[in-house]
1. For the subset of the range 66-83 comprising residues that are exposed (fewer than 13 other Cβ atoms within 10 Å of the Cβ) and within 14 Å of K30 (Cβ to Cβ), which member is modelled with the highest pLDDT?
2. Within the range 16-36, does at least one residue satisfy the condition of being outside any helix (DSSP H, G or I), at pLDDT below 75 and buried (at least 16 other Cβ atoms within 10 Å of the Cβ)?
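The values are calculated or read from the model by the stated rules, or taken from the named source; none is laboratory data. Everything quoted here is computed from the prediction, not taken from an experiment. No Cβ is skipped: glycine too gets one built from the backbone with ideal geometry, and neighbour counts run over all protein chains shown.
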Amino acid sequence: MWIKLFSSKRKQKLSTLKKIISYGLKKISKELFFFLAKIINFWIETGEESMQTIQQDLTNELLGGLNEEVIKFFITSMNPEKVMKQFKPEDRLKGIKPEDRLKGLNHKELQKLKKILNK
């Protein structure tokens with residue numbers, strides 16, 4: 001079944017991913033789970049799939065059965081910068097307070113933002 005994750009057919013790839021997840025990731029070894037994460041990462045980096053597409057195809061019903069530790073392991077094994085690139089800029093900031101959105105900006109960037117806001 002794992003070989004179908006490399007299919008050139010989008011539906012077959014995502015269907016196989018759904019089947020693997022529905023079997024229960026708790027039953028899959030960490031090594032195989034990491035391999036699955038690498039495959040998904042490959043799809044994203046090559047532009048075959050986007051994280052948003054994968055999330056849409058994996059229904060809440062499937063993901064609802066995942067153990068919190070498994071989800072945390074999966075998320076922490078990914079590069080935050082690469083993950084954030086998968087989302088639209090306006091979606092990246094959802095849920096963040098306006099004052100927190102400015103944290104990390106240097107003086108020059110803040111001045112540039114001030115000019116934009118004053119236009």
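1. Among those that are exposed (fewer than 13 other Cβ atoms within 10 Å of the Cβ) and within 14 Å of K30 (Cβ to Cβ), it is T76.
2. Looking for residues that are outside any helix (DSSP H, G or I), at pLDDT below 75 and buried (at least 16 other Cβ atoms within 10 Å of the Cβ), one finds at least one in the range 16-36, hence yes.
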